[in-house]
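Scroll down for the structure; my scribbles are underneath it.
The values are calculated or read from the model by the stated rules, or taken from the named source; none is laboratory data. Treat the numbers as computed from the prediction; the structure is a model and nothing was measured. Cβ sites come from the backbone with ideal geometry, for glycine too, and all protein chains shown count toward neighbours.
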Amino acid sequence: MLVAERRNHILGLLKTNKSITVSDLCTACDASEATIRRDLAWLEANGKLERTHGGAVVNPSERIFEEDMLTLREGKELHEKQIIAKKAFDLIHDYDSIVLDAGTTTFELARLIGQSDLHLTIVTNSMIVFKELANNPNVELIILGGKVRRNTLASVGSVAVELMQRLYVDKAFVGTNGVGLNEGFTTSDMDEASIKRAMLMAAKHRIILADHTKFNKVYMNQFASSSMVDTLITDAHDSELMHSFIDHYDIKVL
């Protein structure tokens with residue numbers, strides 16, 4: 001087994017088992033203890049794992065990302081969000097520049113992008129979206145800096161907003177916590193509202209992603225008025241509020 005193959009095999013075993021001993025690796029890789037220890041030292045130096053007495057465990061930062069991705073995947077209305085993400089994906093063209101905010105539906109959109117052959121420039125404030133797309137050679141990633149919120153692994157605050165205000169993109173895909181006919185699109189957090197607003201303002205085409213649970217909910221911080229948005233992608237086509245949007249505003253509904 002070549003060195004690179006053996007190290008990839010070690011990482012594969014570790015991903016499955018979360019922890020593993022040197023003796024088990026010696027058996028699995030048919031290698032000496034000295035060889036395995038050199039591999040573990042190299043992998044630790046490159047941020048792939050963390051050595052322990054007699055073995056290794058998954059890198060803590062990798063484990064955090066995996067846990068947060070699992071939390072996102074286990075969220076409510078996952079099927080509906082996947083449908084919305086597919087509609088959003090169909091709006092993206094090769095060599096587009098886009099921005100994705102931090103949220104469950106935009107994460108599903110990032111997964112679809114990662115499975116495609118599209119060449120894209122993507123701006124995001126989501127560490128989880130970044131993790132999903134980081135190894136895609138067709139995607140040029142721009143991660144917004146700033147204060148990172150632990151519960152969402154999203155960067156917010158003045159640094160993120162100021163950087164976003166210097167950029168221009170073809171399309172912005174932004175989630176929302178609330179949708180109201182007169183109140184527009186709202187969220188409970190002031191910092192999140194600021195970065196969402198900056199993302200929409202930087203885009204030629206402004207797209208909101210909202211499943212049916214977000215309708216008729218209004219939160220304190222508005223980040224976009226109803227007239228500011230070009231396209232609303234939702235699964236709530238039969239709702240009374242949805243028909244009112246179509247009647248009152250020049251918004252394309254998908």
Point to revise | Only one of ILE207, ILE251 that is modelled with pLDDT under 90, in contact with a helix residue (DSSP H, G or I) (Cβ under 9 Å, 6 or more places away or on another chain), of a type in the set (A, V, I, L, M) and under 19 Å from ASP90 (Cα atoms) | key: ILE251
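Does VAL139 meet the test of being more than 16 Å from the chain's Cα centre (by Cα), over 24 Å from LEU254 (Cα atoms) and among the β-branched types (Val, Ile, Thr)? Steps first, please.
Details: more than 16 Å from the chain's Cα centre (by Cα): no; over 24 Å from LEU254 (Cα atoms): yes; among the β-branched types (Val, Ile, Thr): yes.
Judged against the criteria, VAL139 is not a match.
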Exercise for review: Spot the failing condition for LYS81; the list is (1) modelled with pLDDT of 90 or more; (2) under 17 Å from ILE207 (Cα atoms), and only one is missed.
Suggested key: (1)
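Taking the criterion of being outside any strand (DSSP E or B), without any contact (Cβ under 8 Å) to a residue 24 or more places away in the chain and out of contact with any Cys (no Cβ under 6 Å at 6 or more places or on another chain), would at least one residue in the stretch 167-183 satisfy it?
Kept after step one, since they are outside any strand (DSSP E or B), are these residues of the stretch 167-183: 167-168, 176-177, 181-183.
This time we only want the ones that are without any contact (Cβ under 8 Å) to a residue 24 or more places away in the chain, so: none.
No: zero hits.
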Point to revise | VAL99, sole failed condition from (1) among the aliphatic types (A, V, I, L, M); (2) modelled with pLDDT of 95 or more; (3) assigned to a loop (DSSP other than H, G, I, E, B); (4) within 15 Å of the chain's Cα centre (by Cα) | key: (3)
Practice item. Please find, within the stretch 203-225, the residue that is farthest from LEU144 (Cα to Cα) out of those that are buried (at least 19 other Cβ atoms within 10 Å of the Cβ) and aliphatic (A, V, I, L, M). Key: ALA210
Exercise for review: Determine which single condition LEU118 fails, assuming it passes every other condition in (1) among the hydrophobic types (A, V, I, L, M, F, W, C); (2) in contact with a helix residue (DSSP H, G or I) (Cβ under 7 Å, 6 or more places away or on another chain); (3) farther than 21 Å from LYS214 by Cβ.
Suggested key: (2)
Point to revise | Filter result for the condition that a residue is closer than 20 Å to VAL99 by Cβ, out of contact with any Asp or Glu (no Cβ under 9 Å at 6 or more places or on another chain), charged (D, E, K, R) and touching a residue at least 24 places away in the same chain (Cβ under 8 Å), over LYS214, LYS196, LYS204 | key: LYS214
Practice item. Look at the stretch 20-42 and say how many of its residues are surrounded by fewer than 14 Cβ atoms within 10 Å (Cβ to Cβ), at negative phi and not in a helix (DSSP H, G or I). Key: 1
